[in-house]
Amino acid sequence: MSSLEILLAQELNLRLAQVQNALALLAEGATVPFIARYRKERTGEMTEVQLRDLADRHAYLTELAARKTVILQSIAEQGKLTDDLKAKIEAAQQKNELEDLYLPFRPKRRTRATIAREKGLEPLADWLRAQNRPQVAQVAASFADPERIEPEAQKYLSESVTTVEEALKGAADILAEAVAEQADLRSHLRDLLTRSGVFAAQIKKDFPEGSTKFEMYRNYRSKVSAIAPHNFLALLRGEAEGVLAFALEFDEAAILTELEASQIRTKAPALRAFYRDMLKDAFGRLLKPSLTSAIVAEKKTWADAESIATFEANLRDLLLAAPAGMKPTLAIDPGFRTGCKVVVISETGKFLEHQTIYPHQSTAQREQAAKTLRSLLGNHHIELIAIGNGTAGRETEAFVTEALTGIECPPIRVTVNEAGASVYSASPVAIAEFPNLDVTIRGAISIGRRLQDPLAELVKIDPKSIGVGQYQHDVDQKLLKKKLEETVESCVNFVGVDLNTASKELLTFVSGLNASVANNIVTYRNQNGAFRDRQELLKVPKLGAKAFEQAAGFLRIRDGKNPLDNTAVHPESYGIVQAIAQDLQISLSEISQSDRFKKIDLRRYVTDAIGEPTLRDIVSELEKPGRDPRAEFRYATFDAGIQEIADLKVGMELEGIITNVANFGAFVDIGVHQDGLVHVSQLADRFVSDPKQIVKVGQVVKVRVLEVDEKLKRISLSMRSANAAPPTRSKPQPKDASIADLQTKFGRKPRR
């Protein structure tokens, strides 16, 4: 066992065997979804979250170990590596702690201390350092005389050092740099500033009141320890855009007092005065800038992680939104002047035809549009109608309602969030799929398909374009990309993929597959027809035994040769299921209906490779073979009389759908082309610390209108009971931070 594995087990509260086995599986190329689902015996049933935390921390500590090796080698080459220093470096568990230890030995550009050393003043600095001890005042009472320092400094005058003042200044520069490079001191001061410091911001005088989107930060103050992630990222953006003056404020006199108490040991007045001046310079010139930068960097890392976690949660909820089902669908991308683009897609998501109608131009055109619409509905036996929620969405919804009048068993009409549809329609993926179609037609197809199956369609779009993030362009882009890809991978494998209908983009996220193999699967399918069993996957070029092991359990084949191919049961476990069926004297196709199957003693079938956790999963899966794990489909019904902000009145109760969740609340589409904000204080009758505990993207909710600003397009909503008492606690809000200000920043309809 390695010390790293022991440390990981301690930090993550796992058994050592769990850590060792999980890391071994990851090193062998197994994916997190595969390990979490099919290797529970080896990992002690670790979840995906635990596995990803382990992988992330292992990567961090591995990088840290590599950095330690480089640093130890560098210091050793300088001849300055002591046993004590080596022990501290090897014990460091955070990168900033490690870099603080390395700071005195890091190759530097030419500093004031370097120049002083070149002038031969280091011995003077050493002498001054040696005098800084408590007994100096008793040993030499005359040291209180400033002239006691000057005679010593006189010894170091030369062509490059012409005055005593210059000699003492150079020595002070050397001592100041040494103080600023003390790892323990830097850590202590950083913690102190983090606990007591305040982030302060002001809008610059060039920007009059009400002229910027950063109005809530006109005179803003928040403790470093209490600032919310979205507020911090907003401050950084405002500073970068030249609107905000942003600073970390603290009691500098108290910090200097702390420094003096820890660094000055002598009681000699003259030496104390010298050291006070030196420490003031060390803090103001060296420590303050670097510590401020370090604290801002740490808070940025924290804010990035919090914001990305929110994005992950929203994306997961969006991808796992209940599908309306693979049914014949008519999709409409609304428009006024350019008309509404209408497409028909089959129950397998195949594009069939398109029309452009003009229901908003004239009475004659509206009648013709209704005729065309009814014809398409009848010709293709349409069961679903998807209407984009962008410009002209509500007007088009009213037109469709009118056109459906008199139709027996009309299709279900659903308003679909079209965020990202135009991004998809102009993407290489859409162009490759529909090279001869206009971008608007491709967008309408996307709207229809995301109603049929949100997951299958949304994987084709860059998650950052879907409109469920929070300052996604300000956070660490590399980390954001990694985490969002992990989220998509997790969702795709949680649901499973129909091998015979899945797109190349969807297959790419299946455990063990990549873009090349996914493309080969689609090519093979096009050339040879539908897959009849999972084993046929091994005939796909570049899909070897390892990829098959990782992917097979997540790929479904409906109506195939083996009924188990339409379940999450892995082919490696088919023998166990067949043995159970034989013992029960029933066929595989009958096993899920057998009451005896549900009562079997699982312990009889445990093997070295397959234990009770996997057997329990098999039983659970066969009780609901092929069933989609996502929730039952629901959709919001917008009030037909409410189509614009002007139609809203305070006190109205409406139905809407959650489009985005942020740290401070949730945004709700109520059908007026502008999302309303339910502030965190209005989410429930009780205190809410985390909105994600109450709502999620795609959730249908009932809201009450609290406030409407038609001019600024701001809508404040509530999900609390009308007569509910105020929550006993309320999340503190920054000065001048109103719900309206938050809505200005986050509540705009996402661009398509």
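The values are calculated or read from the model by the stated rules, or taken from the named source; none is laboratory data. Since the model is a prediction, treat every value here as computed from it, not as a measurement. FYI the Cβ positions are ideal-geometry reconstructions off the backbone, even for glycines, and counts take in every protein chain you see. Remember, those area values only see protein heavy atoms, side chains included, never the ligands or the DNA or RNA. Shrake-Rupley method; radii C 1.70, N 1.55, O 1.52, S 1.80 Å.
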Task: Residues being of a type in the set (A, V, I, L, M), open to solvent by 10 Å² or more (accessible area, probe 1.4 Å) and out of contact with any Pro (no Cβ under 9 Å at 6 or more places or on another chain) - total across the range 165-178 - done: 2
Task: Selection from the range 44-64 of residues that are farther than 30 Å from Ala609 by Cα and open to solvent by 50 Å² or more (accessible area, probe 1.4 Å) - done: Tyr60, Thr62, Glu63
Open item on the list: Among the residues of the range 609-622, what is the count of those that are open to solvent by 50 Å² or more (accessible area, probe 1.4 Å) and not in a helix (DSSP H, G or I)?
Closed with: 1
Open item on the list: Regarding the range 528-545, can at least one residue be identified that is at pLDDT below 95, crowded, with 19+ Cβ neighbours inside 10 Å and farther than 23 Å from Ala631 by Cβ?
Closed with: no
- [ ] Find the helices (runs of 4 or more DSSP H) located wholly in the range 425-479 whose residues include 2 or more that are of a type in the set (Val, Ile, Thr) and either at pLDDT 90 or above or in contact with a Pro (Cβ under 6 Å, 6 or more places away or on another chain) (or both), and list them.
- [x] 428-433, 439-452
Task: Residue under evaluation Val492, criteria (1) touching a residue at least 60 places away in the same chain (Cβ under 8 Å); (2) among the aliphatic types (A, V, I, L, M); (3) assigned to a loop (DSSP other than H, G, I, E, B), criterion not met - done: (3)
Task: Set Leu81, Leu101: member being part of a helix (DSSP H, G or I), of a type outside the set (Phe, Trp, Tyr) and open to solvent by less than 70 Å² (accessible area, probe 1.4 Å) - done: Leu101
Open item on the list: Can you confirm whether Thr301 is of a type in the set (Ser, Thr, Tyr) and not in a helix (DSSP H, G or I)?
Closed with: no
TODO: Return only the number of the condition from (1) without any contact (Cβ under 8 Å) to a residue 60 or more places away in the chain; (2) more than 16 Å from Ile407 (Cβ to Cβ); (3) β-branched (Val, Ile, Thr) that Ile345 does not satisfy.
DONE: (1)
Task: Residue among Leu320, Leu384 that is among the hydrophobic types (A, V, I, L, M, F, W, C), within 34 Å of the chain's Cα centre (by Cα) and open to solvent by 20 Å² or more (accessible area, probe 1.4 Å) - done: Leu320
Task: Lone qualifier among Gly553, Gly665 - being of a type outside the set (A, V, I, L, M, F, W, C) and in contact with a strand residue (DSSP E or B) (Cβ under 7 Å, 6 or more places away or on another chain) - done: Gly665
Task: Filter result (touching a residue at least 60 places away in the same chain (Cβ under 8 Å) and either open to solvent by 60 Å² or more (accessible area, probe 1.4 Å) or in contact with a His (Cβ under 8 Å, 6 or more places away or on another chain) (or both)) within the range 87-98 - done: Lys88, Asn96, Glu97
Open item on the list: I'd like to verify a number: residues in the range 208-224 that are loosely packed, with under 14 Cβ neighbours inside 10 Å and modelled with pLDDT of 95 or more, how many?
Closed with: 1
Task: the range 324-347, residues that are open to solvent by 30 Å² or more (accessible area, probe 1.4 Å) and in contact with a helix residue (DSSP H, G or I) (Cβ under 9 Å, 6 or more places away or on another chain) - done: Met326, Lys327, Phe336, Thr338, Lys341, Glu347
Task: Entirely in the range 106-207, the helices (runs of 4 or more DSSP H) that have 3 or more residues that are among the acidic types (Asp, Glu), out of contact with any Asp or Glu (no Cβ under 7 Å at 6 or more places or on another chain) and at pLDDT 95 or above - done: 164-180
Open item on the list: Looking at the range 237-264 only, could you name the residues that are open to solvent by less than 40 Å² (accessible area, probe 1.4 Å) and assigned to a helix (DSSP H, G or I)?
Closed with: Gly238, Ile255, Leu256, Leu259, Gln263
Open item on the list: Looking at Glu28, Glu11, Glu45 in this structure, which one is touching a Pro at 6+ places or on another chain (Cβ under 6 Å) and not aromatic (Phe, Trp, Tyr)?
Closed with: Glu45
TODO: Of the numbered conditions (1) within 16 Å of Val342 (Cβ to Cβ); (2) open to solvent by 10 Å² or more (accessible area, probe 1.4 Å), Ala421 fails exactly one; give the number of that condition.
DONE: (2)
TODO: Within the range 197-222, work out how many residues are touching a helix residue (DSSP H, G or I) at 6+ places or on another chain (Cβ under 8 Å) and either free of Cβ contacts under 8 Å to residues at least 24 places away in the same chain or of a type outside the set (Ser, Thr, Tyr) (or both).
DONE: 10
TODO: Take the range 104-131 and flag every residue that is in contact (Cβ under 8 Å) with a residue 40 or more places away in the chain, surrounded by fewer than 16 Cβ atoms within 10 Å (Cβ to Cβ) and closer than 29 Å to Glu90 by Cα.
DONE: Thr111, Arg129
TODO: Might you let me know whether the range 671-694 holds any residue that is touching a Phe, Trp or Tyr at 6+ places or on another chain (Cβ under 8 Å), hydrophobic (A, V, I, L, M, F, W, C) and within 23 Å of Ala392 (Cβ to Cβ)?
DONE: no
- [ ] Would you mind telling me which numbered condition in (1) under 30 Å from Val668 (Cβ atoms); (2) free of Cβ contacts under 8 Å to residues at least 12 places away in the same chain Thr257 fails?
- [x] (1)
TODO: Determine which member of the set Ala309, Ala313, Ala234 is surrounded by fewer than 17 Cβ atoms within 10 Å (Cβ to Cβ), modelled with pLDDT under 95 and in a helix (DSSP H, G or I).
DONE: Ala309
- [ ] Give the residue that is least open to solvent (accessible area, probe 1.4 Å), with candidates limited to residues of the range 509-527 that are polar (S, T, N, Q) and without any contact (Cβ under 8 Å) to a residue 40 or more places away in the chain.
- [x] Asn520
Open item on the list: Can you confirm whether Ala36 is in contact with a helix residue (DSSP H, G or I) (Cβ under 8 Å, 6 or more places away or on another chain), modelled with pLDDT of 95 or more, over 21 Å from Gly496 (Cα atoms) and among the aliphatic types (A, V, I, L, M)?
Closed with: no
TODO: Within the range 593-614, identify whether any single residue is in contact with a Phe, Trp or Tyr (Cβ under 6 Å, 6 or more places away or on another chain) and at pLDDT below 90, and answer yes or no.
DONE: no
TODO: Look through the range 208-231, keep the residues that are part of a loop (DSSP other than H, G, I, E, B) and of a type in the set (Ser, Thr, Tyr), and return whichever of them is farthest from the chain's Cα centre (by Cα).
DONE: Ser211
